[in-house]
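A.B. asks: Have a look at this one.
The values are calculated or read from the model by the stated rules, or taken from the named source; none is laboratory data. Every value quoted in this text rests on a predicted model; they were computed, and no experiment measured them. Don't worry about glycine lacking a Cβ; one is built from the backbone with ideal geometry, like all the others, and counts go over all protein chains shown.
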Amino acid sequence: MFRFPQAHFLLSAAAPAQFPADHGFEVAFAGRSNAGKSSAINAIVAHRGLARASKTPGRTRLINFFALGEHARLIDLPGYGYASAPEHERRTWPALMEALRQRSALRGVFLIVDARRGVGEGDEALMAWAAEHQRVHVLLSKSDKLTRNEARRTLSSAAAALGGRATVQLFSAHSGAGVEEAQHTLAAWLGMTHSAGR
């Protein structure tokens with residue numbers, strides 16, 4: 001199992017000028033509010049309190065950067081699907097997200113999708129947002145809440161819906177199912193395959 005012992009909070013950005021220097025490797029984590037994004041980040045990085053989970057949907061409004069290594073960063077994007085943010089904040093998001101998409105360091109996106117809901121309209125929009133050179137890996141979260149047969153059918157239908165636009169796996173931060181697979185994918189995208197401790 002990969003570990004990320006250097007993982008720590010780096011900064012929160014409300015404007016592109018606040019982003020860290022555009023070098024190294026970055027992977028963004030995105031998902032509908034309450035899809036289990038913060039729990040997924042904490043489970044994959046094996047750091048319980050790294051990303052703060054909130055009981056209030058849409059609480060994360062800034063783009064949060066975490067350092068996982070000297071040249072490797074994880075980006076926690078605001079959850080979508082709720083319009084609880086003030087209007088002046090929502091107006092800044094398109095430019096912020098476009099600036100993020102254009103970063104050469106951004107290698108891909110982990111898209112967190114509640115396995116019980118399936119790929120929705122907001123998830124489709126996020127995949128359309130990703131640049132051509134950026135890969136997308138879908139985590140079907142909360143898979144522990146499905147029976148084995150339900151999980152198998154959910155994975156099959158998600159793969160069919162994605163049609164090769166993204167890779168996909170079952171995942172549960174609660175049971176640990178799929179955590180190691182996700183860790184290996186993240187480490188590989190961040191160029192940390194040989195440096196991440198086992």
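A.B. asks: Which ones in the range 18-54 are hydrophobic (A, V, I, L, M, F, W, C), crowded, with 22+ Cβ neighbours inside 10 Å and in contact with a Gly (Cβ under 6 Å, 6 or more places away or on another chain)?
C.D. replies: The one that is hydrophobic (A, V, I, L, M, F, W, C), crowded, with 22+ Cβ neighbours inside 10 Å and in contact with a Gly (Cβ under 6 Å, 6 or more places away or on another chain): VAL27.
A.B. asks: Pairs please, first residue from the range 135-150 and more than 12 Å from ALA166 (Cα to Cα) and touching a residue at least 40 places away in the same chain (Cβ under 8 Å), second anywhere and of a type in the set (A, V, I, L, M) and part of a strand (DSSP E or B), Cβ atoms under 6 Å, 6+ apart in sequence or on different chains.
C.D. replies: So the pair list comes out as SER141/ILE112.
A.B. asks: Filter the range 1-17 down to the residues that are hydrophobic (A, V, I, L, M, F, W, C) and either surrounded by fewer than 16 Cβ atoms within 10 Å (Cβ to Cβ) or out of contact with any Ser or Thr (no Cβ under 9 Å at 6 or more places or on another chain) (or both) and list them by number.
C.D. replies: So in the range 1-17, the residues hydrophobic (A, V, I, L, M, F, W, C) come out as 1-2, 4, 7, 9-11, 13-15, 17.
The answer is MET1, PHE4, ALA7, PHE9, LEU10, LEU11, ALA13, ALA14, ALA15, ALA17.
A.B. asks: Further question on the same structure: Within the range 18-53, track down each residue that is within 21 Å of GLU181 (Cα to Cα), in a loop (DSSP other than H, G, I, E, B) and touching a Ser or Thr at 6+ places or on another chain (Cβ under 7 Å).
C.D. replies: ALA35, GLY36, ALA51 - these are the residues of the range 18-53 that are within 21 Å of GLU181 (Cα to Cα), in a loop (DSSP other than H, G, I, E, B) and touching a Ser or Thr at 6+ places or on another chain (Cβ under 7 Å).
A.B. asks: Same structure again: State whether the residues of the range 156-168 include one that is farther than 30 Å from ALA17 by Cβ, crowded, with 18+ Cβ neighbours inside 10 Å and of a type in the set (S, T, N, Q).
C.D. replies: For the range 156-168, residues farther than 30 Å from ALA17 by Cβ, crowded, with 18+ Cβ neighbours inside 10 Å and of a type in the set (S, T, N, Q): absent.
A.B. asks: With the requirement that a residue be in a strand (DSSP E or B), of a type outside the set (Asp, Glu) and farther than 18 Å from ASN64 by Cα, what does the range 96-131 give you?
C.D. replies: VAL113
A.B. asks: Across the range 2-28, which residue is farthest from ALA95 (Cα to Cα) among those that are charged (D, E, K, R) and modelled with pLDDT of 95 or more? It would help to see each step written out before you state the result.
C.D. replies: Taking the range 2-28 and keeping what is charged (D, E, K, R), we get 3, 22, 26.
Going one step further and asking which of them are modelled with pLDDT of 95 or more, we end up with 22, 26.
On the way: ASP22: 17, GLU26: 19 Å.
Among them, the one singled out is GLU26.
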